[in-house]
Each structure stands twice: as C-alpha cells, then as structure tokens.
Amino acid sequence: MKKIILALAAGMALAAPAAAQRSGGTLTIALNADIRSVEPGINRDANTDSVIQILFEGLVAHREDLSVGPALAESWAISDDGKTYTFRLREGVKFHNGEPLTATEVKWTWDRLMAQAGWNCRRTFDGSSGLKVLQVEAPDPRTVVYRLAEPQAIFLKQLANVQCHVLVAHPASADAEGKWKTPIGSGPYKLKDWKRGETITLERFTGYQPSKEPQSGYAGARIAYVDQVVFRIIPDPNAAEAALLTGAIDIVPQVDTARVGELKKRRDVVVQTAPGLAWGPLLIQTQDPLLSNVKIRQAMAHAIDINQIAEARTDGIVKGNPSVVSESSSYFDKRFLDWPAYDPKKAAALLKEAGYAGQIIKIQTNKRYPGMYERSVIAQAMLTAAGFKVELETLDWATQLDNYLKGTFQMQSFGYSPRLDPGLMYAALIADKSKSKWAQWDDPKAIELLAESSRTMDEARRKEIFLKLHAMMAEQVPIIGTYFDPNIDARRPNVHGYKTWAADRPVPWGVWKE
C-alpha cells in the first residue's frame, strides 16, 4: 500500500491561543439570501454550502492552499493500483446527538446520497464523468474503504468538493421512511434555530473533538470560540454594510468591489481580500435554434470585451479571464488567456456570414447578485453595438437557477461557485446534454478529455488536457468566461482570527471577539 500519513510536525501542538480566554459571545454574519436546505447535497447554493459545511464534516477537506487535508479521517492509504482508498477515522468524534462516529455512519450517508435523485453530484461518482465508485465498505468501526473502477487523480478533491457535500450525517437525521428531519452532524456548531428568511442560528457543540492537524480552511482542527454563530439574511448589500457599521453585523462576506475603496477609508471596518475562484461567465444554449450556429457564438466572443467588463466590475482589481483556470491555480499560464480578440467589426462580419436577420436574443439575469446583473447590462450594450438585438430578462434568482438546471434559456449571466481544481470546474460545464440539462458543453471529445484528466496522476499531463479543452472552447464558444471574482470580506475590528480564503466561504471556527 502507498501510504499517506498525516501527523503534526514537532512543535505544532494545538496549544490554545490567548483567544481561548476570550471565548463566548455571538458572531453575526450577513447572508444575501436564505439557505435552501439543511440536508447535505440536496437543493444547495453558495449560501447553503456556508452553513452545511459548519454543521457537518467529511472524510477530507480543502486546506487554505487548496490541497486536500484531513477532516474526519486522520489518515488514508492508497493501493498500488490506485483503485482502493482506505481511510482511518479519528478517535473520539461524536455527533450532535452524543452518538459516536463509526464507519457505519459514513457508509450510511454515502449510500443515502447515491440514492438521491436530487443530488447533483451523483454524476460525479457514478461514472458519468469518468470517476466511478464501485463500493464503499465499513470493515471495522474506524475504517472506511472506497473501491474505484479505475485510478482517479481527482478522487480526493471530489470528496472534498465544497459543492458536493460528501459529508457524514447520523442516521437519526432522517425518519423511518428515509425523509430528512433535522441535521445531525459532527461539526463544531449544531443547528439551534432556522427562522426562514430571517436568521440561521448555530450553537457551539461542546462535545466536538478536533483533529490533531492545525486548522487550515475546512481541514484540520475546527476549534470554536464563540458560543453562537448567527447568519442574518440581509438581501440589500447597502443594508448589510450599514449593519456592519453599526455593529449589528460582525462580518459581511462577498463585499462588492465597488465598495472597497470607500470601506478602506473607515477605521471601524477591516477589509480582507484573497484571490478568487468564483467564475462569472455568460452561458450560451448551444441547442437553441439560433445559437446552435457556431459563427453566431464566435461573433459574440468577438463582440464582448471581457477585460472591460472585469475593469468595470472589479475597479481594476482583476483582469478578464475567459478560461476556467484561475490565475491562483498552479496549472495557470498565459495560454489560458487566449481567446477571440475583441473586434466588433469582425463580429459584424461573422453575423453577416451566419445569415443573422436581427432575431431577438434574451439574456436571463437577476438582481440578487450585482455582478451577474451588471455583466448582463454591459454584455447587452456590447452585443448591440456589434449588430445583435438583445433583451434582458430579469428574473428572481430561484427561477433563473431552475432554468439553468433545466437548460431553458438562450443566454444567462451566471456565476459558478469556487471549484478548487480546474477539473472540477470543467466537470460543472461538460456532460451529455441529453442526460444532463445543466451542461453547457457536450462535445464528445471534450467529454473524453475531461474523463482522461480525472484518471491521470501526471500533473503535467493534466495541464496539457486543460489547455486542449480551453483551445476547443475558444473555437466552439459554448460559453463566454469573463473574470474570476476577487474574494472580499469586511469585518468589525474587534473580530479576530477570521480569514478570507480561495473557497469564498466564511469559516467561523478559530474566530473570537473582543
């Protein structure tokens, strides 16, 4: 067996900082909309992720540097053929109902997820995207075994995938018929109250047993200092900012870039930034009768200046990036910026070649996410200048998201939550549209390359595959990437230990207040 042993280096013991002497109180975090569910993996969005990842833990999780570290598993081993992963659970872990964690609960949660039609990540593990889990076994209380059909370089990253929620719940979370009742996880906080549309209140779980690895992102020790974490629903960003200034809110995640300059002038606010992985593209329905014409899609690519959009939206903090590979990724180089050049005259010429006769094209958008809305407004103006007739269709976010999942749109101004590996972002785009309506790109060669990228353990080969996919995307234009949002959070000066990181999710453990 090839072993990966996770242990603390000398001198890395988890000595409690001075903050432990100031534990207690309530940490209040703003959310721009209510969560959708408290059941892992079902009916999720970015806000739901933020809460679910606090209540539950998985076997592994992403560190701040985007590597995969321990969570419920203290160590794991990989067989020589790369098809078997054996996880060793950390000792002393309890669920929020006081029951001990065993491998049985890990297997129960996995089997439940795979049986759920509403779990969007089932396709990630059932072979549809190349990775296929054949079996999960629980040979003894502290051992969990995953058996794969083929070696998969991306397997651990998929287990840690923030959007997939491969987390562990106690079976008492569901009733006798299997219907979800209440979230019973093993995280440092448990659900106290959910007032829909108002607040989600979490209280510190006194029975939490931390990992021996230091805290980093979602991995390692999740030591809670504050007694309660309250997520307060404030849809209006101006109202959220006002609440921060008065002290009613301690942290506002995902601050709009337009507000950074003003907030940095204040002494009662601390602005924190980190490179982002949330990608803002314009989706194009390639099965639409009009937009199935590749020349029209290429004309769109030439008509839209992604650098101008990035400049306008981020006040110059970031530049345009048409690829799914962020500049913060170890895979990135300048070839991922290759894209049809901004050229309205060439766009107009391509439209003429395509026989475009002025048909109206609708871009679906929403005002819940200012970035999505403003990108759609700028794109509309640019497309119109090149000869397109474009209308905006402003919807509520839930309706737009439902249309995305069903593929019922011509274009959408959209946003993908952070994927901590380029293969995960490509997997969110590429699939057979006849089976997966959410898919944006169903070229058979792209599907084949994506599957290869998840099988190979050679990092250089993975980068070559990603470059091939990007070159194909630049030619076929099934989607138009604009830029990666920088992660910007604002907090009160009396909040300490809070970190802004690439996953763009608030982490409340390790945080304390004066």
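Observations
- Test: A431 is closer than 24 Å to F409 by Cα, touching a residue at least 40 places away in the same chain (Cβ under 8 Å) and hydrophobic (A, V, I, L, M, F, W, C): yes
- In the set (1) over 15 Å from the mean Cα position of the chain (by Cα); (2) among the charged types (D, E, K, R); (3) within 22 Å of D396 (Cβ to Cβ), D45 fails one condition alone, (1).
- Wholly within region 228-334, helices (runs of 4 or more DSSP H) carrying at least 2 residues that are crowded, with 19+ Cβ neighbours inside 10 Å: 237-246, 294-303, 306-314
- Yes/no for P183 being modelled with pLDDT of 95 or more, out of contact with any Ser or Thr (no Cβ under 8 Å at 6 or more places or on another chain) and under 19 Å from A71 (Cβ atoms): no
- Screening region 92-177 for helices (runs of 4 or more DSSP H) wholly inside it with 2 or more residues that are over 19 Å from G423 (Cα atoms) and in contact (Cβ under 8 Å) with a residue 12 or more places away in the chain returns the ranges 103-115.
- Figure legend. Inter-residue proximity from region 240-268: first residues touching a residue at least 12 places away in the same chain (Cβ under 8 Å) and within 14 Å of P493 (Cβ to Cβ), second residues surrounded by fewer than 18 Cβ atoms within 10 Å (Cβ to Cβ) and of a type in the set (D, E), beta-carbon distance below 7 Å, spacing 6+ or different chains. Indicated pairs: L245/D268.
- Highlighted here are the strands (runs of 3 or more DSSP E) found entirely within region 26-85 that include at least 2 residues which are in contact with a strand residue (DSSP E or B) (Cβ under 6 Å, 6 or more places away or on another chain) and aliphatic (A, V, I, L, M): 26-31, 60-62, 73-78.
- Selected residue (criterion: nearest to D65 (Cα to Cα)) from residues of region 216-227 that are assigned to a loop (DSSP other than H, G, I, E, B) and either touching a Cys at 6+ places or on another chain (Cβ under 8 Å) or not aliphatic (A, V, I, L, M) (or both): G217
Conditions (1) farther than 24 Å from D81 by Cβ; (2) surrounded by fewer than 18 Cβ atoms within 10 Å (Cβ to Cβ); (3) in contact with a helix residue (DSSP H, G or I) (Cβ under 8 Å, 6 or more places away or on another chain), marked per residue:
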| site | (1), (2), (3) |
| --- | --- |
| M114 | no, yes, yes |
| T124 | no, no, yes |
| S129 | no, no, yes |
| V133 | no, no, yes |
| P139 | no, yes, yes |
| T143 | no, yes, yes |
| A149 | no, yes, no |
| A153 | no, no, yes |
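- Listed conditions (1) under 30 Å from L55 (Cα atoms); (2) touching a residue at least 24 places away in the same chain (Cβ under 8 Å) are all met by A398, apart from (2).
- Any hit, region 373-385, residues being more than 16 Å from N120 (Cα to Cα), touching a helix residue (DSSP H, G or I) at 6+ places or on another chain (Cβ under 9 Å) and assigned to a loop (DSSP other than H, G, I, E, B): no
- Matching entry among K190, K212 (being crowded, with 22+ Cβ neighbours inside 10 Å and not small (G, A, S)): K190
- Of all residues in region 265-291, those that are over 27 Å from the mean Cα position of the chain (by Cα) and farther than 30 Å from S434 by Cβ total 4.
- For region 53-76, the condition of being modelled with pLDDT of 90 or more, within 22 Å of A138 (Cβ to Cβ) and polar (S, T, N, Q) holds for at least one residue.
- All of M300, M372 fail the test of being under 30 Å from I251 (Cα atoms) and either touching a residue at least 24 places away in the same chain (Cβ under 8 Å) or among the hydrophobic types (A, V, I, L, M, F, W, C) (or both), apart from M372.
- Any hit, region 247-261, residues being among the basic types (K, R), modelled with pLDDT under 95 and over 30 Å from E475 (Cβ atoms): yes
- Yes/no for L392 being in contact (Cβ under 8 Å) with a residue 12 or more places away in the chain, closer than 30 Å to S454 by Cβ and either in contact with a strand residue (DSSP E or B) (Cβ under 6 Å, 6 or more places away or on another chain) or in a helix (DSSP H, G or I) (or both): no
The values are calculated or read from the model by the stated rules, or taken from the named source; none is laboratory data. Just so you know, these numbers come straight off a predicted model, no measurement behind them. Cβ: placed from backbone, ideal geometry, glycine included. Neighbour counts: every protein chain shown.
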